[in-house]
Every structure is written in structure tokens, then in C-alpha cells.
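Reviewing the structure listed below.
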Amino acid sequence: MEILGKILGSLARVKIMRLFLLNPSRGFSLKEIAKRSQVSSESVRREVRLLSAVGFVKKRGEHAGLWFFNPVFKYSAELEGLLINADTLDKESIAATFRRVGRVNLLVVSGVFIKSKESRVDLLLVGDRLKRGKIEEGVRRLEAEIGAELTYAVFDTKEFLYRLDMYDKLVRDILDFPHEVILETKKLSTQALKKP
């Protein structure tokens, strides 16, 4: 219990732990951890030092500057259940992330958000006058919270409706397989989008 008490002490630690748990075979430099988790370099050094002391992460011989998740860490299954399998973000947080990116008509999540590994994308955003830079910022923020890179698709409403009418494979894969609608307008109601 002492190890778990030390581990779950800060938001920065949780972000860093999620990053390693979702990328168990990948190594990260301290700089990359800071960038991916959006945590200050000083906090990253402190948290990685603590996570190393309890055996959660370790350096591998041939990769001296990289930190790796320790697959034999005693509490890895429990932490995965707590940090990965639990709901990562609520609907309101996701919607708020994209509130100022333009006129959003449809926001759909799948993949990492609904714990489905078969999904082609994690996020679908459809709207008008969308600001791609702001969308990119929002995606990076979500990636830092979740600890994994997101695959996403962005369409203008007109292009999305055209692709839908043409039975575009990507669009159909998103709508025909498990997903969750976070936001929809009457213009793009998912009930109206269902094709026979």
C-alpha cells in the first residue's frame, strides 16, 4: 500500500503513468514525456525519479536516455484498471475542449474513449468554419490527459454529407461500429445519418 500511496499523489504523475501504461513497449526521453503529457520538465524529472524508485519505470541498457514501463511492476494490472479502464474523460470535458473551434455540428468518439481497439478513429469532428489550429490544440490537450496519441478525422459539413452519400468507407466505419455521440445538431442528427 505504501507504493500505491506514493504513486497516486498528483495529476502530473497520473498523466505520466497513463502515458507509460498506454505505450508499454515504447521508450520516452524526459523531454518527450514533458511534451506528450504537458507537464513541466521539473515535474517530469521529479515524478520519473519517484516512479523509478518504486519500480514503475526503468531505463534499459541499450537505451540509456529512455525510460520504459516496467512490465513486471507488482501493481501494473491494478493501475491499468484504475487509470486506463476507468472512464478517462466525461462528455462535458470533451465537448468543452472543442467549444471554440468553429460551429461544431457533430462530435463523435470511439476507440480509446470507449475502450475499443478495433476503431479506425478515436474522434470525429464535423462542422463549419472550423479552426484547424484550435482543433489541433484541443487534440493535444486530450492526448496529454489520456496518455495516448489520438487518431481523428475532421470534415466540413458539406464534405461530410457528400462522403456519407457516397458511402465513404471511413465515415461508414465510424458510424456503423461502436461509437458515442458527444454533440450533435439537428442538421447532423445521427438518427438522420443512419442509412438503410
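Could you list, in sequence order, the residues of segment 1-21 that are within 18 Å of Glu80 (Cβ to Cβ) and either at pLDDT 85 or above or in contact with a Leu (Cβ under 6 Å, 6 or more places away or on another chain) (or both)?
Answer for segment 1-21, where residues must be within 18 Å of Glu80 (Cβ to Cβ) and either at pLDDT 85 or above or in contact with a Leu (Cβ under 6 Å, 6 or more places away or on another chain) (or both): Arg13, Val14, Lys15, Ile16, Met17, Arg18, Leu19, Phe20, Leu21.
Go through segment 99-112 and count every residue that is over 13 Å from Ala153 (Cβ atoms) and assigned to a loop (DSSP other than H, G, I, E, B).
Initial filter on segment 99-112 (over 13 Å from Ala153 (Cβ atoms)): 99-105, 112.
Now restrict to residues that are assigned to a loop (DSSP other than H, G, I, E, B): 99-102.
Residues that pass the stated criteria total 4.
Filtering segment 138-153 down to residues that are among the charged types (D, E, K, R) and more than 24 Å from Val171 (Cβ to Cβ), which residue is surrounded by the fewest Cβ atoms within 10 Å (Cβ to Cβ)?
Here the residue is Arg141.
Under 9 Å by Cβ, and 6 or more places apart or on different chains, what pairs join a residue from segment 149-173 that is more than 16 Å from Val121 (Cβ to Cβ) and modelled with pLDDT under 95 with one that is crowded, with 17+ Cβ neighbours inside 10 Å and of a type in the set (Gly, Ala, Ser)?
Asp156/Gly127; Thr157/Gly127
Would a scan of segment 113-127 turn up a residue that is free of Cβ contacts under 8 Å to residues at least 24 places away in the same chain, within 25 Å of Leu19 (Cα to Cα), within 15 Å of the chain's Cα centre (by Cα) and surrounded by 13 or more Cβ atoms within 10 Å (Cβ to Cβ)?
Checked segment 113-127: no residue is free of Cβ contacts under 8 Å to residues at least 24 places away in the same chain, within 25 Å of Leu19 (Cα to Cα), within 15 Å of the chain's Cα centre (by Cα) and surrounded by 13 or more Cβ atoms within 10 Å (Cβ to Cβ).
Could you count how many residues in segment 88-118 are at pLDDT 80 or above and over 17 Å from Leu170 (Cβ atoms)? Don't jump to the end; show me each part of the working.
Kept after step one, since they are at pLDDT 80 or above, are these residues of segment 88-118: 92-114.
Retained after the next criterion (residues that are over 17 Å from Leu170 (Cβ atoms)): 92-105, 112-114.
Residues that pass the stated criteria total 17.
Out of (1) in contact (Cβ under 8 Å) with a residue 24 or more places away in the chain; (2) of a type outside the set (D, E, K, R); (3) closer than 27 Å to Tyr162 by Cα, the odd one out for Gly133 is which?
Failing condition for Gly133: (1).
The values are calculated or read from the model by the stated rules, or taken from the named source; none is laboratory data. Quick caveat: nothing in here was measured; it's all calculated off a predicted structure. All Cβ positions, even for glycine, are placed from backbone atoms using ideal geometry, and neighbour counts span all protein chains on display.
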